[in-house]
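Each reported figure results from applying straightforward, stated rules to the coordinates on display, with no laboratory input. What you see is a predicted model; the values in this text were computed from it and never measured. Backbone-built Cβ (ideal geometry, glycine too); neighbour counts: all protein chains shown.
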Ligand SMILES: Nc1ncnc2c1ncn2[C@@H]1O[C@H](COP(=O)(O)OP(=O)(O)O)[C@@H](O)[C@H]1O
Ligand SMILES: [Mg+2]
């Protein structure tokens, strides 16, 4: 009897209070969707970081005939090039792979990257400098090799790709913090809404609760129907939020973005699905705490 | 069974105690009328017994237990030992007669089979076995109060508290409710009933405890209300 009695109380309460319940569900859904989005962005950034940092290289550009750097006196000579290479080799294991790219190879790669672009006509085969492309054990070790190479004769400049990416990731991180802040604000609104809904429900049913108290119902069993109502609304809200995230992953990421932007590592299904239980947990815990606190105040024991 | 020992009750923000130095003993099986004009403290006395309120001073004990000191979490179990009837019936408007009575059992976790067996018995006792599917709005006042009585009695409490149970009923209907209370009393249930219905009190010839401005001014076996000139 206990569960069917409770189920009847809960569904009756929800129906009687339909508009409030709907508002509650929508509010929970919106705040949890934002919360889920923030979590998803974090996974996306982590994934991109992992992907790009794995491929990050340091380019050591060598002097060309017209280089202006103080370490350059015309194009790099064979002995300078050999000395630079020897220095790089001595920096192992910080330096993991060394790959030499000549002017012609650089031009070939450039042509491939900008296929069909008008920029090609402005760049001659000799315009691109030769370079050592170096892979580090950890991209953070850039400074170590930069300090030992930057004053060597024949080195024009040293470029850290990580710096470029870092800016990009900072922007993503800012967006993610913003989404999280909005999610927290929305969650706060949700808490207020839960409190208000429960307060109204407790007032509307003060007759029932006074009768329950008179016949000796325990505090827990008087409060449980109200708490379960809030929890039911939260579960519906969390389900909607999960559905939106899953729909976003399928319709936006998988069907539209991923085919176009193949170089970007997109969040996986596993990373999306791992968020779902969190949405339910946050929704349910919020509902239980907010309604519990309210009932403690408005239903005297 | 019930003992009030120098009990006073003063509500917050009032300058006069609602109950003033009450001493009262009620034995198991007694039928006691609490009489007195409006505001004399009858409801307050009953609320102290339900542990809805706690005395400002003195002790209220039931079966030797000081209920003012009862821990909050033990109050529900304590209330299950008593039945309570109100002047305004307090039925759930959207539940049938059967469900209203069953509510008293559901709330304390009785099984469905117990409910199916016990509720018809009690409805028969109060003479409503034909009307178990009706809603409270489809019943007369007297019938509604019978449902409330059935709910109060369904768990067979040892003590039944009734606060002006006939206050909203006409005299002939009231007589029916009183007969029912008398029957319940004869099963051994102690009854405390607050009322200012002179006719009923005089007819029943039970113990009368009269309150005036929070003090007991009369405690008489087999009394008649009229004696002090009300
Ligand atoms: N909850 C309350 N708060 C403040 N004063 C109250 C409260 N309940 C009753 N009183 C006061 O206590 C006195 C006794 O009231 P009550 O016990 O209801 O008397 P009766 O039931 O005999 O009419 C009255 O003066 C009343 O105004
Ligand atoms: Mg009263």
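See the values below:
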| read-out | value |
| --- | --- |
| Per-residue mean of C-beta atoms belonging to partner chains within 10 Å, peptide A:206-213 | 5 |
| Shielding score for B:68-80, defined as the mean number of other chain Cβ atoms within 10 Å | 3 |
| Fluctuation leader among A:223, A:109, A:133 - chain A, Gaussian network, Cα springs under 10 angstrom | A:109 |
| Helix A:219-247 axis, angle to chain A major axis (alpha carbon atoms, nearest 10°) | 30 degrees |
| Compactness of chain B, expressed as Rg and Dmax over alpha-carbon positions, Å | 17.5, 52 |
| R0 of 45 Å, Cβ-Cβ distance residue A:163-residue A:288: FRET efficiency to nearest 0.05 | 0.45 |
| Candidates A:176, A:159, A:44: whichever shows maximal mean-square fluctuation once chain A is modelled as a Gaussian network with Cα springs under 10 Å | A:159 |
| Protection proxy ranking, peptides B:192-199, A:48-55, average beta carbon neighbours within 10 Å, highest first | B:192-199, A:48-55 |
| Inter-label distance for residue B:117 and residue B:182, nm, one decimal - labels placed 7 Å from Cα along Cα-to-Cβ | 3.2 nm |
| All-pairs Cα distance distribution in the protein assembly as shown, expressed in whole percent, bin size 20 Å | 17, 31, 19, 14, 12, 7, 0 |
| Three-way shape call for segment A:55-144 based on the alpha-carbon gyration tensor, with the a/c threshold at 1.5 | oblate |
| Point-to-point label distance, residue A:8-residue B:199, nm (Cα→Cβ direction, 7 Å offset) | 3.8 nm |
| Using a Förster distance of 30 Å, the FRET efficiency for residue B:15-residue B:221 (Cβ separation, nearest 0.05) | 0.30 |
| Fluctuation leader among A:287, A:258, A:82 - chain A, Gaussian network, Cα springs under 10 angstrom | A:82 |
| Segment A:35-102, relative contact order [Cα under 8 Å, separation at least 6], % | 15 percent |
| Packing rank of A:197-210, A:25-38, B:106-119, where each peptide gets the mean count of other beta carbons within 10 Å, highest leading | A:25-38, A:197-210, B:106-119 |
| Part-to-part distance (alpha-carbon centres) for segment B:21-49 and segment A:29-94, which is given in Å | 89 Å |
| Cα gyration tensor shape for chain A, rounded if a/c is under 1.5, else prolate or oblate | prolate |
| Percent of C-alpha pairs per 10 Å bin, segment B:109-230, short to long | 12, 40, 32, 13, 4, 0 |
| Cα centroid of segment B:78-116 to Cα centroid of segment A:141-181, whole Å | 73 Å |
| Helix-only CD estimate at 222 nm, as mean residue ellipticity for chain A, using -39500 (n - 2.57) per DSSP H run (n ≥ 4) | -23000 deg cm²/dmol |
| Cα-based helix-to-principal-axis angle, B:141-153 vs chain B, degrees rounded to 10 | 80 degrees |
| Shielding by other protein chains, A:216-223, mean Cβ within 10 Å | 6 |
| Segment B:91-156 pair-distance distribution - Cα-Cα, 5 Å bins, rounded % | 4, 22, 35, 25, 12, 3, 0 |
| Calculated FRET value between residue A:54 and residue A:126, using beta carbons and R₀ = 25 Å, to 0.05 | 0.20 |
| Helix B:171-186 vs. chain B, principal-axis angle (Cα, 0 to 90°, nearest 10) | 90 degrees |
